[in-house]
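Down below is the structure, laid out as structure tokens.
The values are calculated or read from the model by the stated rules, or taken from the named source; none is laboratory data. What you see is a predicted model; the values in this text were computed from it and never measured. Here the Cβ positions follow ideal geometry from the backbone for every residue, glycine too, while neighbour counts run over all protein chains shown. Note: areas computed on protein heavy atoms with side chains; ligands, DNA, RNA excluded. Shrake-Rupley method; radii C 1.70, N 1.55, O 1.52, S 1.80 Å.
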Amino acid sequence: MALLEVSNLEIAVATGGQLLPVVRGVSFEVKANETFGIVGESGCGKSLTSLAIMGLLEGSQVRITGGSIHFDGRELTALSAEDRRAIMGAQMAMIFQEPMTSLNPVYRIGDQIVETLRQHRDMSRRQARDRAVELLDLVRIPEPGRRIDSFPHQMSGGQRQRVMIAMAMACDPKLLIADEPTTALDVTVQKEVLDLMADLQSRMGTAIVLISHDLGVIAETCDKVAVMYRGKIAESAATGELFSNMCHPYTRGLLNSIPVVDRDVEWLEAIPGRVPTIDEVLSGCAFHPRCAMAEARCESEDPDKRDVATGHTIRCHFAEVGSA
Amino acid sequence: MLVYTIKRLLALIPTLLAASILVFLFIHLIPGDPAAILLGDTATPEEVAALTREMGLDEPIWKQYLLWLGNVLQGDLGTSVFFREPVLKVIGSGAETSILLATMTMVWIVLFGIPIGIVSATKHGTWVDQVTSGGAMLFASIPTFWLGLYLILIFAVGLGWFPSSGFPSVSDDGGWTNLRYLILPSLTLAAPNAALIIRLVRASMLDVAREDHVRTARAKGLHPAKVAIKHIFRNALIAVAAAFGFTFAALVSEAVVTETVFSLPGIGRLVVQSILRRDYPVIQGVILVIVVLYMVINLLVDLAYARLDPRVSLK
Amino acid sequence: MTSTPLLRVTDLHTHFQTGGGLFAKRSWLKAVNGISFEIRQGEVLSLVGESGCGKSTVGRTLTQLEPSTSGQALFNGADILKMNPAEFRPLRRDIQMIFQDPFASLNPRLSIEQTLTEPLFIHGLAASRAQAREQIAETLERVGMDPRVMQRHPHEFSGGQRQRIGIARVMILKPKLVIADEAVSALDVSIQAQVLNLIKKLQRDSGISMLFISHDLGVVRHISDRVAVMYRGQIVETGDKRQIFETPQHDYTKMLLSSIPRISERVA
Amino acid sequence: MTFIASFLSMFRGRKLAIVGLIWLCIVAFAAIAAPLLAPFDPLEIDPVARLSEPGMPYLFGTDHFGRDSFSRAIYGARMAVIIGLGSVVVALITGGLIGMLSAYFTRLGHVLMRGVDVLMAFPALLLALVLMTLLERSVTNTIIVIGVVYATTTARILFGMTLKLKGEVFVDAAICSGAGHGSVLFRHILPNLISPLLVQASFIFAFAQLQAAALDFLGLGLPPEVASWGNMLSEERIYVTRAPWLLIFPGALIILSVFSMNLVGDAMRDSIDPRFKDDIAGV
């Protein structure tokens, strides 16, 4: 039984009196101790998916319009706001892209960790503070006993992201959602943070949903990957399978677009056209205007999800394993 | 903190000096002989000649300024033409009324402005927000004296709940119950300013609500009320605190009108009466006192600001 | 290779005052702290480093957007750091800059035509609007845009298109040296590849020299001839692209290269 | 046409602001057509009809001189527009130039903004009162005084906004293209300040009404015979118990106009560049 089961998730944005679908029919499962990666370009719906799972869409112009999110034996979309809050920060925690702004600038970092602990655990101030020091030590903040009284602006971006991780791990969550956790960080710091996340996962058995635009980060950290384009999962497979048997023309295009450090490439095989905006109406397969394989059928008919290998699904009329 | 305060006080000196030059020049900008202006219409030529010598009016203007500044620093702001008393004493006699009025007004502003602002922001987009923020804007659009006149008409003349004008000192008969004389004036004075604070609290909270760290707070599973107060309002308070300096300036301005409407023996009415009486030494003195006070209050606001926002370094 | 370099920078310092005032001690941030490099005719030199290493300040100093503290930058033999704004102005045509943020680098109030006409008129490259329009159309085509978009305003374009317009603004002046400051960093991967190909093609076709400033090692390997690695305001290693990526000498370069997440490791 | 269309689009879904806009149009019309609309001469005294109640032929009644309040109210609209626009022009031109130039030319700015700081140490109405004691009571002087008072805030605001724009990448890009100071200031910076300036202007217009009314009330604003809403209130306030309508009508006109202007300013503010929103000192 998977820890997290998302099925047929539909999310829409309300603008000017109408609902624009931004996530359509997204389904995936994440088991304990597993890292699930969602990769895609801006506006593909990856961040909204993660916010929907966490329950942070409430109160915005964005809402879940269909599908289910099953977590640890409970249906999250059916829970009351209060029950939802009991899970947030406790069984399920989240870290965000911008470590520089994700912490409240007016409170000491220790107090912000203590706040999470005391929200979900029956702890005294003293106990919570001791635990916060332990957590800072766990995320390898040097001199945790002293740094606990620092304000966020006194720390570097990498350290703040560690504090965010400490805060997220405070109540031993079963699931950690990381939305572009290293995008704002330098590569050397990125490596440290990713290593730390992997280390914590192996110690605590946390499941991780990692959202990223960077195929390299996904390849190095995830067990399974979903590639999203325009609100749908274009291709999904175990990481090894995906990178050795890439099928979907979008996934392949994405990979070929990346300039690599290990060899010289004269010209990059760029995907033509541009990333569609959310208010564009696209018939058939959303990728067809940019796809080299596209035929008349792609323009009119949206491909269904189909298996091309064990656990390897794609949404494309033509692509097959080995067709590249 | 102490070092910072001293530094800030030192940094005030240039501005204060510049402001004092303007205040000093005020007398000289009035057409006519300054000595005659300062002594008023009833002065004899001998008196004028004496004061001209005393003030060094035959000296170059910078010497006159230094002489004047020296006197000011010793507490000598000149003599009122109308009262024939030292200006400082005249101002002092209005201080009790004005200070009590300002304090009571600030209490109303905080009492009404902040809670209504919070409600307006947390109910953003609902009818509650529309009524409170629209109502606040309406109150900010009412001329102070008009509001004062109608409060007198309704609550003093009509219902007879409060006295309509004047203010006996709290040391007179009645003691602190005399404060009831200040209820209508302070409400009049508070109305437009509380309205501005409501709008400001609302706007800053809506700004803060969009910041990333609020999402972090929600992700902790905190109750929305706790997020609103502990995370959104607390951060919005930084911007609100910064505005209290301006509120003071607005209070001084509107106190002039309010004290006139309610015939309160405060500094505000003193300014207006002195202008009408051409009692220039008093006008000059009051302006100087208010400018100094305003700068001190702005300094206090800055210090409070630094305490509210740890990012402001106190170096 | 024995020809004199187009640009020779010697011991460049750019420091910013970070504190100080009436009663406080002055303190300085040494953003660029003594760097030297040269760019030859038709060559692409990359400055690579992490945030805060001073690489962007180098570009901004060379275009006089920031004043230098000391050092020399000989462009065609003349020291551009010593020039006053009026002396430097005609040289701006030769030294052009591509900026990072395509959403911020175009004036939202001006049409594309207005934006592209301005540099032509300033440098006297067009005598009339009609002449300017002709050149604009030609340049827009070179950067892969339909010349008919001239009348539109920036908000009508996507990030990738705006960056193409930004490149057109640079290329229309036929510069000798282009400084590209994180020119593709704000773009989505699929668009980044298009723009990167475009920059490489334009550089090859016109033989201009380029200072390419970036934090992305993959992008740097793709575009450069030579690479300079910057760390804390100084260049720690300069070399041929191959040498830097395949046999790095300095520990910092090695650490940078080993930090990059790689896809190849997962491909069976 | 596109300008009008985009202006009107700011009011979409803001019914109250639309009502405000309509009211302001009425005031503007009354101001322009005052001689045609007013049934009586606003200065004509009719001793027989002193303090008559509202009705025919005196719609808003008459004051203690027997002047027709309705006609005075219509001419008051003209005065409100003159004072409002005048103060806006004075404040925006002097304050705007000082703020913009100070932000752009740092050295000059150091000196100029210090001066603005000094003037800002004087609370607004107090500064206005002091200036009025030095000047004669007249329409021009009232406009100058109110304009100067708001010039200081405008200078501060424009200083902040210009500083932000000066740091914009497109300004760097213009400099790199070889644009000189004039071109950068007036072609690249100023056009981006127009919308926030219009918002600021609407708030100054609203504040100016209140300030002018306060000056009139204190007997230090417009000459007493001038038909302005503030003077109507000031002159008749002692008759408030005997003839309450004399204060209701002009008071309501001031409140409605200031409220409308604030609503319009608020609607416009919501549609400008969010970076500038916090700079504007409005309601």
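Observations, loosely collected:
- Among C:100-109, D:239-248, the order from most to least packed when residues are scored by Cβ within 10 Å on average: C:100-109, D:239-248
- Cα centroid separation, the stretch A:11-42 to the stretch C:153-216: 32 Å.
- Cα centroid of the stretch A:165-231 to Cα centroid of the stretch D:148-221, whole Å: 46
- Computed on chain D, with alpha-carbon pairs under 8 angstrom and 6+ residues apart, the relative contact order is 25 percent.
- Of B:151, B:39, B:73, the one that fluctuates the most in a GNM where chain B has Cα springs shorter than 10 Å: B:73
- For the stretch B:243-259 versus the stretch D:254-278, the spacing of their alpha-carbon centroids is 22 Å.
- Legend: mean number of C-beta atoms from other chains within 10 angstrom of residue C-beta atoms, peptide D:207-219, equals 4.
- On Cα atoms only, tilt of D:69-90 relative to the major axis of chain D in degrees: 20
- Mean per-residue shielding of peptide C:97-106 is 4, counting Cβ atoms of other chains within 10 Å of each Cβ.
- Residue B:71-residue C:146 FRET efficiency (beta carbon distance; Förster radius 60 Å; 0.05 resolution): 0.20
- A simple rule links phi to the HN-Hα coupling: the Karplus curve 6.51 cos²θ - 1.76 cosθ + 1.60 with θ = phi - 60°, which for the stretch C:221-231 gives 4, 5, 9, 8, 9, 10, 9, 10, 9, 10, 8 Hz, with x for Gly and Pro.
- Most mobile listed residue (D:63, D:117, D:266) in chain D, GNM with C-alpha springs under 10 Å: D:117
- Taking every Cα-Cα distance in the protein assembly as shown and sorting them into 10 Å bins from zero, the calculated P(r) comes out as 2, 8, 14, 18, 19, 16, 11, 7, 4, 1, 0, 0 percent.
- Taking C:201, C:241, C:55 in turn, the Gaussian network model of chain C (Cα-Cα springs below 10 Å) assigns the largest fluctuation to C:201.
- Relative contact order (percent, whole number), chain A, Cα cutoff 8 Å, 6+ residue spacing: 21
- Compared with the alpha-carbon gap, the fully stretched path from residue B:303 to residue B:277 is longer by 5.4 nm at 0.36 nm per residue.
- Per-peptide average of other Cβ atoms within 10 Å, ordering D:18-24, B:143-149 highest first: B:143-149, D:18-24
- Spacing of the modelled spin labels on residue B:58 and residue B:30, each 7 Å from Cα toward Cβ, amounts to 2.3 nm.
- Cβ-derived FRET efficiency at R0 51 Å, residue B:44 paired with residue B:229, nearest 0.05: 0.15
- Peptide-level mean, for B:221-233, of C-beta atoms on other protein chains within 10 Å: 3
- Summed side-chain charge close to residue A:99 - residues other than residue A:99 whose Cβ falls under 14 Å, Lys, Arg +1, Asp, Glu -1: -4
- 3J(HN,Hα) along the stretch D:194-206: 4, 4, x, 5, 5, 4, 4, 4, 5, 6, 4, 4, 5 Hz, from the Karplus curve 6.51 cos²θ - 1.76 cosθ + 1.60 with θ = phi - 60°, whole Hz, x for Gly and Pro.
- Interchain or long-range residues, amide H under 5 Å from residue A:37's placed H: A:210, A:223, A:224, A:225, A:226
- Between residue C:254 and residue B:153, the distance separating the two model label sites (each 7 Å from Cα on the Cα→Cβ line) works out to 8.8 nm.
- Across chain C, C-alpha contacts under 8 Å between residues 6 or more apart give a mean separation that, scaled by the residue count, equals a relative contact order of 25 percent.
- Helices assigned as whole DSSP H runs in chain B whose Cα atoms extend at least 20 Å along their own long axis and whose mean Kyte-Doolittle hydropathy is 1.6 or higher are found at B:2-29, B:280-308.
- Where both bridge residues fall in the protein assembly as shown, DSSP classifies roughly 60% of the beta bridges as antiparallel.
- Residue-wise HN-Hα coupling along the stretch C:51-65, computed from phi with Karplus coefficients 6.51, -1.76, 1.60 (Hz; x: Gly, Pro): 4, x, 7, x, 5, 5, 4, 4, x, 5, 6, 5, 9, 6, 7
- In the context of the full set of protein chains, the stretch A:1-53 has a per residue accessible area of 34 Å² (1.4 Å probe).
- Within the protein assembly as shown: Cβ-based charge dipole about Cα centre, in debye rounded to nearest 20 (Lys, Arg +1; Asp, Glu -1): 880
- Two-site FRET efficiency, residue A:153 against residue D:242, from Cβ-Cβ distance with R₀ of 60 Å, rounded to 0.05: 0.40
- Percent accessible area from carbon and sulfur atoms, the stretch A:105-170, protein chains only, probe 1.4 Å: 42
- Estimated inter-spin distance, residue D:22 and residue A:33, nm [label 7 Å along Cα→Cβ]: 7.1
- Placing +1 on the Cβ of every Lys and Arg and -1 on the Cβ of every Asp and Glu, with nothing else charged, gives the stretch A:105-170 a dipole about its Cα centre of roughly 20 debye.
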